[in-house]
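The values are calculated or read from the model by the stated rules, or taken from the named source; none is laboratory data. Values in this document were obtained by computation on a predicted structure and should not be read as measured data. Reconstructed Cβ throughout: ideal geometry from the backbone, glycine too, with neighbour counts over all protein chains shown. Accessible surface areas use protein heavy atoms only, side chains included; no ligands, DNA or RNA. Shrake-Rupley method; radii C 1.70, N 1.55, O 1.52, S 1.80 Å.
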Amino acid sequence: MNADQVLQTIQDEKIAFIDFWFVDIFGELHNVGMPSYAIDKNSFVNGLEKLDASSIVGFKSVNNSDMILMPDPNSFKILPSDYDPGHRTNARIFCDLYDGSTDESSRYNRDSRGIAHKASKKLGEFGFTHTNWGPEIEFFVFDTINVYPSPYAATHSYGGSGYSIESKESPWAKGNVSTAIDIKEGYYPSQPKDTLEGFRKDVCDDLYNHFGIKIEAEHHEVATSGQCEINLVYDEMIQMADNVIGVKNLVKVKAKRKNKVATFMPKPIFGDNASAMHTHQSLWNGDSNAMYDENDELAQMSQTGRYYIGGILSHASALCAISNPTTNSYKRLVPGFEAPVNVCWGLANRSAAIRVPMYNRNQEKSKRLEYRVPDPTANIYLLEAALLLAGLDGIKNKIDPGDPIEENVYKLSAEKKREYKIGSLPVSLKGALDSLGSDSKFLEEVFTKDFLNVYSELKYKEYVAFAQTPTAWEVSMYADA
Ligand code: GLN
Ligand code: MG
Ligand code: MG
Ligand code: MG
């Protein structure tokens, strides 16, 4: 849609308000609404001077704070009714951020959408036209979220409060939508065990009817009652990042309207599966999939695709600062819960960081890799940009990842892992940030030094606050020491 079409649609559909959407450096969605009568052609030419950027974490200081929101008419969508209990018809538009003026060189270097845009421009240098992205979004929906004393501490306090994984009695079940599904037993149940089927279908209807987002499938996930998954049909880079922001926000809004709470934190429950955001990606030159090679007997994966995989694997630790950006992210990346801990690739192998799905199906259209490390707290714009740059770095420097590993990597001995040169992912946010500190060159043409500095500085602060906070687990473990 162009600006004229947006203005016409505002008239035709009697749109009351336009919500102007943008994200901060962590991918959190922000919104400023304007009545539609205040919008005209000029809004799309000169942008909206509506942003005091000093009030957004990670943006500007008070003495230099004005910023321009430039609405991208292509992202105009009429919002589902749950967005307005007052029964108005509103629409949303994603904005790009500009600093000072509206020419291309003034795009704000801390605008995540701008960073993704800049990364996508690199494709041409490598002879590619576009990339396709397909995330699988996992999340929990609870009745309420209560902070329970740590069940781990309970099992260690000799008779504590009765929770143990063995007995599969979870105190979390009280807070869940249903008590019907036990720890790790939530994969593909039917109704009435799955009480969230209707919720997910309502979400998917709105996604399609309002945002034009198609989904592959929706289902309950492995964890106890409340873990959901929605898989999106692939789309191009910026479009998909906008889609993910839209999905996460819609899920939270619709849960709230039902007096429930949706969370994308990776690991809300000790001892149960966590939430991931597996990210499928493929590289295209027009109609031709640069990852596909029918003559490769093992994986039908081209040498270009292998180098791209090599690039991601070689930068996996640094990438974690973006793909797994919270202290909680590292409670997911542990053995035993289908989450990756080892830096290697495989074919049907779900214990590897990268998987090549349907590796022997001879299908050019669907040849892709699945990066299994990210979780849904990642800022999707930065995630796509960083993954792309890591992959392109692999192509540029011909980083070959060797042959795919077909063994269960969780069970490999330390010796075997050394033999196969399989590294481990960082075990903490600090580890990931340290890696980013020493391995950021592959990002630097797109992510400015200024951006990486402010991002890391704020994330280190978050880590320090976490590390210095006495937790319920520690209190019950050590109070009587
Ligand atoms: N939830 C798992 C993870 O944390 C993934 C489960 C799956 O989709 N197979 O990675
Ligand atoms: Mg899945
Ligand atoms: Mg899943
Ligand atoms: Mg998957």
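Of note:
- Selection within the stretch 196-229 - farther than 20 Å from Tyr83 by Cα, aliphatic (A, V, I, L, M) and touching a helix residue (DSSP H, G or I) at 6+ places or on another chain (Cβ under 7 Å): Ile215
- Here His219 passes the criteria (1) surrounded by 21 or more Cβ atoms within 10 Å (Cβ to Cβ); (2) closer than 21 Å to Asp194 by Cβ except the one numbered (1).
- Residue match in the stretch 50-60 (condition: of a type in the set (A, V, I, L, M), in contact with a strand residue (DSSP E or B) (Cβ under 8 Å, 6 or more places away or on another chain) and in a strand (DSSP E or B)): yes
- Exactly one residue among Tyr148, Tyr152, Tyr188 is modelled with pLDDT under 70 and either under 17 Å from Lys248 (Cβ atoms) or part of a loop (DSSP other than H, G, I, E, B) (or both), and that residue is Tyr148.
- Residue in the stretch 111-131 that is within 16 Å of ligand 4 (Cβ to nearest atom), modelled with pLDDT of 95 or more, under 29 Å from Ile56 (Cβ atoms) and not assigned by the TED database to the domain that holds Lys60 present: no
- Residue check, Trp284 open to solvent by less than 20 Å² (accessible area, probe 1.4 Å), farther than 26 Å from Tyr455 by Cβ and more than 16 Å from ligand 2 (Cβ to nearest atom): no
- Conditions (1) surrounded by 20 or more Cβ atoms within 10 Å (Cβ to Cβ); (2) closer than 18 Å to Tyr234 by Cβ; (3) away from ligand 3 (no atom under 16 Å from the Cβ): number failed by Ala276: (3)
- Residue in the stretch 200-215 that is within 16 Å of ligand 4 (Cβ to nearest atom) and under 19 Å from His278 (Cβ atoms) present: yes
- Only a single item in (1) under 30 Å from Ile245 (Cβ atoms); (2) open to solvent by 10 Å² or more (accessible area, probe 1.4 Å) is not met by Leu388, and it is number (2).
- Pick from the stretch 103-145, criterion hydroxyl-bearing (Ser, Thr, Tyr) and in contact with a strand residue (DSSP E or B) (Cβ under 8 Å, 6 or more places away or on another chain), ranking: surrounded by the most Cβ atoms within 10 Å (Cβ to Cβ): Ser112
- The set of residues in the stretch 419-469 being without any contact (Cβ under 8 Å) to a residue 60 or more places away in the chain, open to solvent by less than 70 Å² (accessible area, probe 1.4 Å) and under 13 Å from Gly58 (Cβ atoms) consists of Leu452 alone.
- Test: residue in the stretch 259-274 that is more than 30 Å from Lys365 (Cα to Cα) and of a type in the set (Lys, Arg): yes
- Here Asn209 clears all of (1) surrounded by fewer than 19 Cβ atoms within 10 Å (Cβ to Cβ); (2) in a strand (DSSP E or B) except the condition numbered (2).
- Residues in the stretch 166-180 include none that are at pLDDT 90 or above and charged (D, E, K, R).
Residue by residue, here is whether (1) open to solvent by 60 Å² or more (accessible area, probe 1.4 Å); (2) among the small types (Gly, Ala, Ser); (3) not assigned by the TED database to the domain that holds Met240 holds:
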site: Val32; (1), (2), (3): no, no, yes
site: Ser36; (1), (2), (3): no, yes, yes
site: Ala53; (1), (2), (3): no, yes, yes
site: Asp66; (1), (2), (3): yes, no, yes
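- Taking the stretch 299-340 as the region of interest, the helices (runs of 4 or more DSSP H) fully inside it that hold 2 or more residues being open to solvent by 10 Å² or more (accessible area, probe 1.4 Å) are 303-314, 329-332.
- Flag if Gly310 is touching a residue at least 60 places away in the same chain (Cβ under 8 Å) and either within 16 Å of ligand 1 (Cβ to nearest atom) or charged (D, E, K, R) (or both): no
- Look at (1) part of a loop (DSSP other than H, G, I, E, B); (2) within 14 Å of ligand 2 (Cβ to nearest atom); (3) open to solvent by less than 10 Å² (accessible area, probe 1.4 Å) and you find that Ala348 fails only one, number (3).
- Qualifying residues in the stretch 215-225 (those that are within 16 Å of ligand 2 (Cβ to nearest atom), assigned to a loop (DSSP other than H, G, I, E, B) and not β-branched (Val, Ile, Thr)) - the one farthest from Phe337 (Cα to Cα): Glu221
- Looking across the stretch 351-363, the residues that are more than 18 Å from the chain's Cα centre (by Cα) and either open to solvent by 40 Å² or more (accessible area, probe 1.4 Å) or not aliphatic (A, V, I, L, M) (or both) come down to Ser351, Pro357, Met358, Tyr359, Asn360, Arg361, Asn362, Gln363.
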